[in-house]
Every structure is written in C-alpha cells, then in structure tokens.
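Below: one structure, written as structure tokens.
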Amino acid sequence: MLPTIETDRLWLRQLDVNDAERLFSIFSDPNVLQYYGMEPHASISETEQMLTGMLEGIESGAVMRWGIVTKQSSELIGTIGFHNRAPRHRRAEVGYELHPDHWRHGYATEALQAALGYAAQTGEMERVGAIVFTGNVASQQMLEQNGFIREGMLARYMRQGDLAHDVYVYSYMTKEDHADA
C-alpha cells in the first residue's frame, strides 16, 4: 500500500480497480500517448489489464504508482510513479501522464515535486531517471525546471507503432551529496 501524499491542490493516492474507467479515458487518448511508447487503448479491458499489472507491481514493490486527484473536484486526472526500480542501487525511473483537460495548469509539476519529495524522504531512491522522446519538449522543459539534468540521447531506443524513436535520458539526484555510500 502506498501512502497518500497531499499537495496544495492534489492528492496522490493509491490506485484501485475502480479507476479503470477514468484511466481508460486517459490511456485511450492518442494525444496523451503520443510520446508514451505504447498505442492508445482500444477497449477498457486493455486498461483493466494494465491497471491489474500496476496493482500487482505495487503489491510486490516493483512499482510505485499513484493516482493524481484534484482536491477541487476529487477527479482522477492522471498517474505518476516510479518503475524500473532497482532498490539495491537506490534508483528508479519516473513516469507520469495527465488527461489533456488538465494540461498546462501546473498539476504535473506539483505531482512530480511531491513524488520526488517522497523518494528523498524515504531514502529508497537516490537517483531518479526519466526517459523522454526527443519530440516531447513540454516534458523536457518540466523535468529541467524541476532539477533534472539531461545526460544524453539514446538513438532508436523506443518504438511506437512501426517507428523507432530517439529519447533523452534525464536524471535527478535526491541527495546533494553524491559521494559513494
């Protein structure tokens, strides 16, 4: 079980099976998934399978994924969390998405700052990575404005549809001291 994290305008809360319909409205939107590395869901059963996988990953500790909920409407507007976790190495990658109705309101930044704060507070992650399509300028700017450093580019790293895409690799250190522990 993940803790609920509160920010000024949001709650980051545990996902549950009742979120499938709202998540389908997000994961079936081609605009949301344009730079996601997967195809839009064609049916709610695809979303239910994805959600089941997320919940199993949360239960096993392999994944940390919160639902992003606005305090104003109590509406689930997206998710954020950590995947590709390597506890021994104290690292993970961050991923997030929002419904387009909630883009450009600062919600992704607010959720990212809360998730990074949690990572730093728990000490479970010293390095948080992000993989971003080179065309996803909005995500690149948000990461850079929140302390992520672009470390390089991986050529033809992700496939979407029949096309291979280059990505940028970003990192964020949760501790100022980078000396080996």
Legend entry - Sequence-separation-based contact order of region 5-173, relative, with Cα cut under 8 Å and 6+ spacing, percent: 20
Inset, instruction - Compute the distance in nm between two label points, each set 7 Å from the Cα along the Cα-to-Cβ direction, one at Thr52 and one at Ile131. - result: 2.5
Legend entry - Where labels lie 7 Å past Cα in the beta-carbon direction, separation of Ser60 and Ser74 in nm: 3.4
Inset, instruction - Between Asp162 and Ser45, take the C-beta separation as r, use R0 = 22 Å, and let me know the FRET efficiency to the nearest 0.05. - result: 0.35
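Dipole size in debye (nearest 20) for the chain around its Cα centre, Lys and Arg Cβ +1, Asp and Glu Cβ -1?
Dipole about the Cα centre, nearest 20: 360 debye.
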Legend entry - Cα centroid separation - region 120-181 against region 28-71, whole Å: 19
Inset, instruction - Please report, in cubic angstrom per residue, the volume enclosed by the convex hull of the alpha-carbon atoms of region 17-160. - result: 122
Inset, instruction - Based on other C-beta atoms within 10 Å, arrange Met173, Met153, Met125 from fewest to most. - result: Met153, Met173, Met125
Inset, instruction - Along Cα→Cβ, 7 Å out, is where each label goes; now give me the distance between the ones at Ala120 and Met38 in nm to one decimal. - result: 3.0
Legend entry - MRE, 222 nm, helices only [DSSP H, n ≥ 4, -39500 (n - 2.57), over the chain, to nearest 500]: -9000 deg cm²/dmol
Inset, instruction - Using a/c under 1.5 as the rounded threshold, could you call region 92-181 rounded, prolate or oblate? The axes a ≥ b ≥ c are square roots of the C-alpha gyration tensor eigenvalues, and prolate needs a/b larger than b/c, oblate otherwise. - result: oblate
Inset, instruction - Step through the residues of region 68-78 one at a time and calculate ³J(HN,Hα) from phi using the Karplus curve (6.51 cos²θ - 1.76 cosθ + 1.60, θ = phi - 60°), rounding each to whole Hz and writing x for Gly and Pro. - result: 9, 10, 7, 5, 4, 10, 6, 8, 6, 10, x
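None of the figures in this text is laboratory data; all of them are computed from the coordinates on show. Keep in mind that what you see is a predicted model, and the values were worked out from it rather than measured. Glycine also receives a Cβ, built like all others from the backbone with ideal geometry; neighbour counts cover every protein chain displayed.
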